[in-house]
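Here is the structure we will look at, set down as structure tokens.
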Amino acid sequence: MQPSLSNFKTPPKTSVDVTCLGGTGRRAVWLRRHWETDAFELMRGNFSRDGSSKVRSLFPKDMALPFEIQNCLSLAFDEATGRVYVALHTGGLYVMNF
């Protein structure tokens, strides 16, 4: 059986700081950093067996959050419930339901 590979492009001058794959390996969340603006963004991706992918922001850029995204230390993702857990450098832990 051949492994299924998904490929997607990221914008220039960005990097992935923290990544978490869902249990099936078909969905993921990650923290993306824009090097020119030093802006951070939580992203989500869906990867199908045929190699196609859908990548977009986890929530609107102007959405007010009770924490600063750049303080993200680690992520956990529960595909079954749609929850994303965000642990911060400051010691805070947030659970986001999608």
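The values are calculated or read from the model by the stated rules, or taken from the named source; none is laboratory data. This structure is a prediction, so every number in the text was calculated from the model and none was measured. Neighbour counts are summed over all protein chains in view; Cβ atoms, including those assigned to glycine, are modelled from backbone coordinates with ideal geometry. For the accessible areas, the whole protein counts, side chains as well, though only heavy atoms, and no ligand, DNA or RNA atoms are used. Shrake-Rupley method; radii C 1.70, N 1.55, O 1.52, S 1.80 Å.
Can you say whether Asp38 is on the phi > 0 side of the Ramachandran plot and charged (D, E, K, R), as far as the supplied structure shows? For Asp38, the condition - on the phi > 0 side of the Ramachandran plot and charged (D, E, K, R) - is met.
In segment 79-94 there is no residue matching the filter, namely being open to solvent by 60 Å² or more (accessible area, probe 1.4 Å) and assigned to a helix (DSSP H, G or I).
When residues in segment 65-78 are screened for being open to solvent by less than 90 Å² (accessible area, probe 1.4 Å), within 24 Å of Thr37 (Cβ to Cβ) and among the aliphatic types (A, V, I, L, M), 3 of them pass. The residue that is least open to solvent (accessible area, probe 1.4 Å), among those in segment 45-61 that are part of a strand (DSSP E or B) and over 11 Å from Arg26 (Cα atoms), is Ser57.
Looking only at segment 51-64, residues that are in contact (Cβ under 8 Å) with a residue 12 or more places away in the chain and more than 13 Å from the chain's Cα centre (by Cα) come to 4 in all. Within segment 1-47, the set of residues being in contact (Cβ under 8 Å) with a residue 12 or more places away in the chain, more than 15 Å from Leu58 (Cβ to Cβ) and of a type in the set (A, V, I, L, M) comprises Leu5 only.
Considering every residue within segment 21-38, establish whether at least one is open to solvent by 40 Å² or more (accessible area, probe 1.4 Å), touching a Lys or Arg at 6+ places or on another chain (Cβ under 8 Å), at pLDDT 90 or above and basic (Lys, Arg). Yes, because at least one residue in segment 21-38 is open to solvent by 40 Å² or more (accessible area, probe 1.4 Å), touching a Lys or Arg at 6+ places or on another chain (Cβ under 8 Å), at pLDDT 90 or above and basic (Lys, Arg).
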